[in-house]
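The values are calculated or read from the model by the stated rules, or taken from the named source; none is laboratory data. Everything numeric in this text was worked out from a predicted model, so none of it was measured. Every residue, glycine among them, receives a Cβ derived from its backbone with ideal geometry; neighbour counts consider all protein chains shown. Please note that ligands, DNA and RNA were not included when accessible areas were found on the heavy atoms of the full protein model with its side chains. Shrake-Rupley method; radii C 1.70, N 1.55, O 1.52, S 1.80 Å.
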Amino acid sequence: DGDVTISVTKDAKTYAVNVAPLTNGEITASAKEAAEKETVTLTAKPATGYALKAGSVKVTYKDADNTDKTVEVKAGTEANTYTFAMPAYPVNVSAEFVKEYKVTAAPAENGTVTVDPTAAVEGTDVTVTVKAADNYQLKADSLTYSYKSGEDTKTEKLTLTDGKATFKMPAADVTVSAV
């Protein structure tokens, strides 16, 4: 005796999110499986002394023609998080963790030397900031960074521009010093 409304809800098909076994860290996915177009969040947890290699988080799948395809991965709003839209296929998640080295500023008399970051992976730009105390100045050619390369200690000179200098992080712990 009146109108009847019928609605049907279809359960969306879900696809597996497979995270490859990784060394020196782990990646966790917000879901073990997800429906097409659903957003999946990946969280990277590097082991102590390691960092996630820039650009190494990959999400791939094989399409109906068995062709390898890559899914666009975007950096999340929090550090070490990434998101992607689930395709209509099971996906494989991989990443690479690389060794992180320490950057130390040796104590300087009559001024300060600071480094940013204080730990970095090989190839990262490190910024050194030097500030002389009142009535002092940086001695010419005294701003250097040193690191071990095999048995040898290598020392490289840095040139200041507006109180700052940068260098590419080598694959070793570094000490920055100034006089």
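Between the exposed loop cleavage positions of the chain, defined as trypsin sites (Lys or Arg not before Pro) in a non-H, G, I, E, B DSSP state with at most 15 neighbouring beta-carbon atoms within 10 angstrom, the longest gap is 38-138.
Between Lys168 and Ala31, the simple label model (points 7 Å from Cα in the Cβ direction) yields a spacing of 4.1 nm.
Considering only protein heavy atoms, what per residue accessible area in square angstrom results for region 1-127 with a 1.4 angstrom probe?
Details: 8440 Å² over 127 residues.
Computed with neighbouring chains in place, this is 66 Å² per residue.
Remark: the Asp116-Thr39 segment gains 24.3 nm on full extension, using 0.36 nm per residue and subtracting the alpha carbon distance.
Between Thr48 and Val179, how high is the FRET efficiency from 1/(1 + (r/R0)^6) when r is the Cβ-Cβ distance and R₀ = 22 Å? Nearest 0.05. Kindly include the intermediate steps, with their values, before the conclusion.
Details: r = 34 Å, r/R0 = 1.54.
Step by step, r from the Cβ atoms, then E = 0.05.
Sorting Thr60, Thr112 by accessible area puts them as Thr112, Thr60; the probe is 1.4 Å, largest comes first, and only protein heavy atoms count. Note on Lys45: lysines with a C-alpha under 18 Å away, same-chain residues under 8 apart excluded, are Lys32, Lys53, Lys58, Lys74, Lys99. Karplus-based coupling profile of region 165-170, in residue order and whole Hz: 9, 10, 8, 8, 5, x, with θ = phi - 60° in 6.51 cos²θ - 1.76 cosθ + 1.60 and x standing for Gly or Pro. Between the alpha-carbon centres of region 84-137 and region 35-83 there is a gap of 23 Å. Rounded to the nearest Hz, the phi-derived 3J(HN,Hα) couplings of region 99-114 under the Karplus curve 6.51 cos²θ - 1.76 cosθ + 1.60 (θ = phi - 60°) are 5, 10, 10, 8, 10, 10, 9, 5, x, 10, 7, 6, x, 10, 10, 10, where x marks glycine and proline.
A simple rule links phi to the HN-Hα coupling: the Karplus curve 6.51 cos²θ - 1.76 cosθ + 1.60 with θ = phi - 60°, which for region 18-35 gives 9, 9, 5, x, 10, 9, 6, x, 9, 10, 10, 9, 5, 8, 7, 8, 8, 7 Hz, with x for Gly and Pro.
Remark on Ala47: its backbone amide H falls under 5 Å from those of Gly25, Glu26, a criterion applied only to residues 5 or more positions apart or on other chains, H modelled at 1.01 Å from N.
For Thr124, the residues 5 or more places off, or on other chains, whose built amide H falls under 5 Å of its own are Met169. Calculated FRET efficiency, Lys99 to Thr129, Cβ-Cβ distance, R0 = 25 Å: about 0.50 to the nearest 0.05.
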